[in-house]
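A quick write-up on the structure given underneath.
What follows is calculated from the coordinates using simple rules that are stated; it is not laboratory data. Being a predicted model, the structure only gives us computed values, none of them experimental. Virtual Cβ from ideal backbone geometry, glycine too; neighbours counted across all protein chains shown.
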4 protein chains.
Amino acid sequence: MMLSHTPPTQQLPVRGPAPAVRPRMARDAAVRALKRQIIVDAARTVFAEAGLEGTSMRGIAAAAGCTTGAIYPYFRNKEELYAAVLSDSLNSLRLHIEDAVGRAGDPRARVATAIRSYFAYYRSRPDDLTLGLYLYHGLKPAGLTPELDRKLNRRLAQVLDVIGDAIAAYGGLDAEARRMEICQTFSYVMGLLICDCTHRLNALGGSAEPLLERYTQDLLARLAP
Amino acid sequence: MMLSHTPPTQQLPVRGPAPAVRPRMARDAAVRALKRQIIVDAARTVFAEAGLEGTSMRGIAAAAGCTTGAIYPYFRNKEELYAAVLSDSLNSLRLHIEDAVGRAGDPRARVATAIRSYFAYYRSRPDDLTLGLYLYHGLKPAGLTPELDRKLNRRLAQVLDVIGDAIAAYGGLDAEARRMEICQTFSYVMGLLICDCTHRLNALGGSAEPLLERYTQDLLARLAP
Amino acid sequence: MMLSHTPPTQQLPVRGPAPAVRPRMARDAAVRALKRQIIVDAARTVFAEAGLEGTSMRGIAAAAGCTTGAIYPYFRNKEELYAAVLSDSLNSLRLHIEDAVGRAGDPRARVATAIRSYFAYYRSRPDDLTLGLYLYHGLKPAGLTPELDRKLNRRLAQVLDVIGDAIAAYGGLDAEARRMEICQTFSYVMGLLICDCTHRLNALGGSAEPLLERYTQDLLARLAP
Amino acid sequence: MMLSHTPPTQQLPVRGPAPAVRPRMARDAAVRALKRQIIVDAARTVFAEAGLEGTSMRGIAAAAGCTTGAIYPYFRNKEELYAAVLSDSLNSLRLHIEDAVGRAGDPRARVATAIRSYFAYYRSRPDDLTLGLYLYHGLKPAGLTPELDRKLNRRLAQVLDVIGDAIAAYGGLDAEARRMEICQTFSYVMGLLICDCTHRLNALGGSAEPLLERYTQDLLARLAP
DNA sequence: GATGAATGAGCTTTCATTCAT
DNA sequence: TATGAATGAAAGCTCATTCAT
């Protein structure tokens, strides 16, 4: 799975009938992609530990085993690097949910599984949640924010489509109703995750899993055909 | 309403049989409280615009019309100042909700009003929401964080108590059920606000108010006596 | 013993045939002198712990139980305060040596005692030595340095006079020879103290007391009548 | 002579059968060493003028013709920079003494020359003396102080060894006696330098050179074979 | 005389990014 | 591509001293 952010990388995994044509170019591209991924992985770790603004390019470079200057051929900005990390995360979230839903049986189970696996993903990787929250603030005036924002929104929509499909299939919803349920569930689960991970639920004497289960049952009851 | 941070300020509005006894001390305290409030207000603005880490003490000082050094007699840290801003916000949120609920008629209306006014408060002051989210990350290991955290949790609990009272009164809930509903509603509304303010709802084609209305109706239906 | 630095204090202990004339003024002056001494004592402690430049007026004020502003009526500067501490120290060094020499028996013992007690004073109060060394550097361009310097030199000369008298009396020296021996001994003992207190002697495998004893014996042998 | 602080620099003057093999690396190292030395020289000047704590990194940078940030690739701390200055000084002191002693004739002259050249070095560079005195105070708890202290002690021991050798050779001393004479002379000369440079000798009517001469003669007489 | 808030300059260190090599 | 020194700005915080009260 290649999470290519910059166009050149796209040329990479074109394996097929003519493997020997340009072996040099392919190898170079593969090396480049690998190095890029090493940097992204290092960045995720450091971002998660130190926060978006608490992280220095030097720190990322150190974690990636290179120097600061070596990052810039792959990412123009700290922000672009952050976006790559986020994009990575959304992508593997989608794979995670698709996998779980694919294994579920009837439509009812698919809805419950979609919601649960969405929640579980972030629950088991709170760093990714933290990272996602940075989208709201920070991200000072840099060049390309709007473009990045659109890109990330697209990725998010892909994720939620999996959940929306399960809900619509189960409840037999039209596009409008489907959209509403997606928003409702997205909002609720995000809120639950945030309240949980910030320990606010704890402070209020609540526990996330039962709450989520209850929400899911109420939802299924409401949609029951 | 005086949002005094340091105990001494409390002596201020002691009106009684001997008002002229310590006019000097009272005046001094009032002046101090006023200057303090100016700083807090300036900080709120700047924090909201630039983020927690993006905000400099110099920036706050400039907004407050003083020098950086003039802040430190009132707040030992940037963090302490941030906590004061947040505390201020939670306090006025509580007043806002109490006021709205107090004006509502029957128990059913009180529930709907509590939820709506909670949502509306942050909707109309998205800065306060942003500010609250900083609680999750940042806030590096500084001196008093745990103490501040406890303090803010207490304030939050006071806010949610108002909502919980309305819900429990309407649905005739016991303590356990009440706690669950508080958590459920708190999570949902926070999630809705965040998704809305980060423009994710927009991107998904949803709109916050109808979603909230729908949630409220479902809740009332579920609790209906 | 009043270590007055500022003229006004001089009016103080003039007790005599007319004790009741101005009791109020005398009381005031005594109070003032007392407060002043409290500040000097606090300053000595803090200077010794944190160094000349590492000490803040706030720190001194805190140690003295007052506020920064309360120091300035007594001392115009941090430097003036430092000079007062040093002056205090030199004065009590003189008393210390005079007392020891006064108790010694024959001229030979007086010389040995003078040197030993000089060394012992600083050995048991290394802070005072540290403080004295600051004279060499630091002490940035402030107003009155030359005046203070003269004053402190005078105090030092008084101290060394006691030693010089003992040496001259024992060896029957004229003024010129006496001066030379004073310088020689002063230099040696200061060097020994500094090398000892900076742990350089330690590092070189030497020990201060035997070295001093050896020096003293050599000196006495040279001067022996 | 290169006073390299970081090991890599050591590879520099490896002249041999293949001088052209790594011209690039050698050049880079040389450039780095040069820039480093420029900073150290600037630091010595500024430290001497303004004192250890009175000196700002900005001031050093200005004197070195660079920005503050440009210092940090070479020295992690103000303290590390100070240590480099001191180390430099002790090293060239040793060279100075060795050179002078090497030129002296018989053993007697070697002793006198060692002591005189030691004194003369600091007399002609009082800044270095000042700098050395800072070792006693200041130097707050920073990271590597103990390590640096050991390093500097080693350098000092090397210096004094030269003097000790001359004395031991002349007087035919065993290790124990040699150690004692080293400490005695080290203490005396340091004290003389300090008293002279702080103008205390002046104030007492003494003059450094005759005093040193007298000390040396007495020493030689005592050790005379 | 004492308070303590305020000033204005100052500090060391770190940062993202650039660029010669 | 990669290096890592350099830039220039900025950060949070502290300081000696002043001054209205």
Based on the alpha carbons, how large is the Rg to Rh ratio for the protein assembly as shown when Rh follows Kirkwood? 1.12
Between B:86, B:160, B:211, find the one with the highest GNM mean-square fluctuation for chain B; connect C-alpha pairs within less than 10 Å. B:211
Gaussian network model of chain B, springs between alpha carbon atoms under 10 Å - residue of B:121, B:82, B:188 with greatest fluctuation: B:188
Copies of residue C:24 compared via label points 7 Å along Cα→Cβ give distances in nm, shortest first, of 2.0, 9.0, 10.5
Excluding same-chain residues fewer than 8 positions from residue D:151, which aspartates and glutamates have a Cα within less than 15 Å of its Cα? D:79, D:80, D:88
Overall dimensions of segment C:77-225 as given by Cα atoms, namely Rg and Dmax in Å: 16.1, 50
If labels are modelled 7 Å from Cα along the Cβ direction, residue A:174 lies from its partners in the other copies at nm distances, smallest first, of 4.4, 11.2, 12.7
Projected onto the charge dipole of chain C (+1 at Lys/Arg Cβ, -1 at Asp/Glu Cβ, origin at the Cα centre), which of C:212, C:148, C:77 gives the Cα projection farthest towards the positive end? C:77
Rounded to whole angstrom, how close does the nearest chain D beta-carbon get to the axis mapping D onto B, and which residue is it? D:58, 9
Given the options B:156, B:204, B:93, which has the most mean-square fluctuation in a GNM of chain B, springs set between C-alpha atoms less than 10 angstrom apart? B:204
Taking each label point as 7 Å beyond Cα in the direction of the beta carbon, state the distances from residue C:102 to the same residue in the other copies, shortest first, in nm. 5.9, 7.9, 10.1
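Let me know the mean shielding of D:206-216 by other chains, meaning the per-residue number of their Cβ atoms within 10 Å of its Cβ. Working shown, then result.
Values: counts 8, 2, 2, 0, 2, 6, 2, 0, 4, 3, 0.
Neighbouring Cβ atoms belonging to other protein chains average 3 per residue here.
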For residue B:78, counting only aspartates and glutamates whose alpha-carbon sits under 13 Å away and dropping same-chain residues fewer than eight positions off, the answer is B:53
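For the protein assembly as shown, give the magnitude of the charge dipole about the Cα centre (Cβ charges: +1 Lys/Arg, -1 Asp/Glu; no others), in debye to the nearest 20.
In debye, rounded to 20, the protein assembly as shown gives about 880.
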